[in-house]
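Peer 1: Below is the structure I would like to discuss, written out as structure tokens.
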Amino acid sequence: MTKKVFLSIGAEFIHGGHVAIIEKAAELGELTVGVLSDEAIMSYRGYPVLTYEERCKIISHIKGVSNVVKKDSLSYDKVIEQLRPDIVVHSDHWRGKSKEKIVKLLEKYGGELVEFPYTENPEYEFFDMRANQLRYMPEIRRGKLKRALRLTERPLRVLEAHNGITGLIVENAKVEKDDEIKQFDAIWVSSLCDSTAKGKPDIELVDTTSRENTINEIMEVTTKPIILDGDTGGLIEHFVYKIKTLERMGVSAIIIEDKVGLKKNSLFGTDVQQSQDTIEHFCEKIRAGKNAQTTSDFMIIARIESLILEQGMEDALQRAFAYVEAGADGIMIHSKKKEPAEIFEFCEKFRAKYEDVPIVVVPTTYNQITEEELGKHGINIVIHANHLIRSAFPAMNKVAHTILENGRSLEASEHCMPIKEILTLI
Ligand code: SPV
Ligand code: MG
């Protein structure tokens, strides 16, 4: 009897190496290829350039492939349970404990694992490297946020970066848990952190050119979509130029807040003088920005400061509805309360009118709530807005004081990464 053979392909771009392994696998029986879903690829490598549908079309036309099925997770549990293949084919390159798990699953019904030796081929490695470089291109990066929002049920996880090194951390941080890999979906270029990194207050003092330099620095070493904290967006006459520049650079979204005058950080709340814009004027800004936009990828997200400035839920909702009507691609609702109750109330009332317009939150003060819980309340993007700079500062401060106290740096060493590590980091 013909054996049922299963092979999983995670590759985004198919080259001769994949064709060779497919041909070899097909010699063992009737071959089903599990094509990783966009979401599964996104979980460990970022949003794929070629969509699942495109990859399926290509793979299903390769000689030897009898069936193509969707593999929506890195784990083999579901596919093996559903398909019960006689043979699972895999290269002898393994990640974590996945081999032991597959063997155990197959043992249950007498299935077999066949390993093909991984062959290194400089030509294919060069191809993979070139394909990877595509991810840095503005036109590829720009649309990633919108596509990720369309694709994922769970809220997108976003962490701040304010220079190249923090960009690298957000780009590369990975945690492996239960056969899945978790990583950040996007990068937040915060006004607070960009200002703090320059030793300046968060009052729109760091000018546009300088903010763009920060973005460029991050872009040079990352591929993930970028959400820019655009403060108030500035004058409408200036805002329209900003939109065009950001789109050209490959930024995915700008969030602008409905404040006017000297902007202060929202977490000051009403402790300092801050003024909210009128609904009419802020809507005009949104409309002008949307009209200036040239691609369909870019998003303008309107940030509502009503809860921060204690203007009440009704005001927040009225503004949210008006901003969406004016063309905003999403709403960010901010709060500095220690509990998320007002955020949840807002989400519930906003969702009663708009089911799909993305909601963004920045849970700095109510950070006991997990991303998963926020997702259950209809939130689509969770921004961890300032944590890399806030964690770096105490360590650097400690080192500076330790050197002063001791007149040498020996005692500071325990707070520093080894020289060898920093030399090889980049
Ligand atoms: C920022 O990160 O600069 C923000 C978010 O605007 S918050 O600091 O919470 O206002
Ligand atoms: Mg800010």
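The values are calculated or read from the model by the stated rules, or taken from the named source; none is laboratory data. A quick note: this is a predicted structure, and the numbers were derived from the prediction, not measured. Glycine gets a Cβ as well: all are built from the backbone with ideal geometry, and neighbour counts include every protein chain shown. Heavy atoms of the whole protein, side chains included, go into the accessibility calculation; ligands, DNA and RNA do not. Shrake-Rupley method; radii C 1.70, N 1.55, O 1.52, S 1.80 Å.
Peer 1: Within segment 138-151, can one find any residue that is within 29 Å of HIS384 (Cα to Cα), open to solvent by 70 Å² or more (accessible area, probe 1.4 Å) and within 31 Å of the chain's Cα centre (by Cα)?
Peer 2: Yes, segment 138-151 has at least one match.
Peer 1: Can you go through GLN318, GLN274 and tell me which one is free of Cβ contacts under 8 Å to residues at least 40 places away in the same chain, over 28 Å from the mean Cα position of the chain (by Cα) and open to solvent by less than 50 Å² (accessible area, probe 1.4 Å)?
Peer 2: Just one listed residue meets the conditions, GLN274.
Peer 1: For the condition within 16 Å of ligand 1 (Cβ to nearest atom), of a type in the set (Val, Ile, Thr), open to solvent by less than 10 Å² (accessible area, probe 1.4 Å) and not in a strand (DSSP E or B), what is the one hit in THR196, THR214?
Peer 2: Criteria check complete, one pass: THR214.
Peer 1: Being more than 16 Å from ligand 1 (Cβ to nearest atom) and over 17 Å from ILE227 (Cβ atoms) is the filter; apply it to segment 238-260 and report the residue that is least open to solvent (accessible area, probe 1.4 Å).
Peer 2: Looking at residues that are more than 16 Å from ligand 1 (Cβ to nearest atom) and over 17 Å from ILE227 (Cβ atoms), I get VAL240.
Peer 1: If I ask for residues that are surrounded by 21 or more Cβ atoms within 10 Å (Cβ to Cβ), in contact with a Gly (Cβ under 8 Å, 6 or more places away or on another chain) and hydrophobic (A, V, I, L, M, F, W, C), which ones from segment 220-237 would you list?
Peer 2: Matches in segment 220-237: ILE226 only.
Peer 1: Of everything in segment 363-391, what is hydrophobic (A, V, I, L, M, F, W, C) and either open to solvent by 90 Å² or more (accessible area, probe 1.4 Å) or touching a residue at least 60 places away in the same chain (Cβ under 8 Å) (or both)? Give them in sequence order.
Peer 2: The answer is LEU374, ILE379, ILE381, VAL382, ILE383, ALA385, LEU388, ILE389.
Peer 1: Test each condition in (1) of a type outside the set (Lys, Arg); (2) more than 30 Å from GLU284 (Cα to Cα); (3) in the same structural domain as ASN291 (by TED's automatic domain parsing); (4) in contact with a Lys or Arg (Cβ under 9 Å, 6 or more places away or on another chain) for ALA412 and report the one that comes out false.
Peer 2: Only one criterion in (1) of a type outside the set (Lys, Arg); (2) more than 30 Å from GLU284 (Cα to Cα); (3) in the same structural domain as ASN291 (by TED's automatic domain parsing); (4) in contact with a Lys or Arg (Cβ under 9 Å, 6 or more places away or on another chain) is unmet by ALA412, namely (3).
Peer 1: Further question on the same structure: Go through (1) within 16 Å of ligand 2 (Cβ to nearest atom); (2) open to solvent by 80 Å² or more (accessible area, probe 1.4 Å) for PRO117 and report which single condition fails.
Peer 2: PRO117 satisfies every listed condition except (1).
Peer 1: Might you check whether a residue that is surrounded by fewer than 19 Cβ atoms within 10 Å (Cβ to Cβ), assigned by TED's automatic domain parsing to the domain that holds GLY289 and part of a helix (DSSP H, G or I) occurs anywhere in segment 331-343?
Peer 2: Yes.
Peer 1: Which ones in segment 344-362 are under 22 Å from the mean Cα position of the chain (by Cα) and surrounded by 15 or more Cβ atoms within 10 Å (Cβ to Cβ)?
Peer 2: CYS347, VAL357, PRO358, ILE359, VAL360, VAL361, VAL362, listed by residue number.
Peer 1: When the residues of segment 258-316 are filtered to those that are assigned to a helix (DSSP H, G or I) and of a type in the set (Ser, Thr, Tyr), which remaining residue is nearest to GLU237 (Cα to Cα)?
Peer 2: SER266
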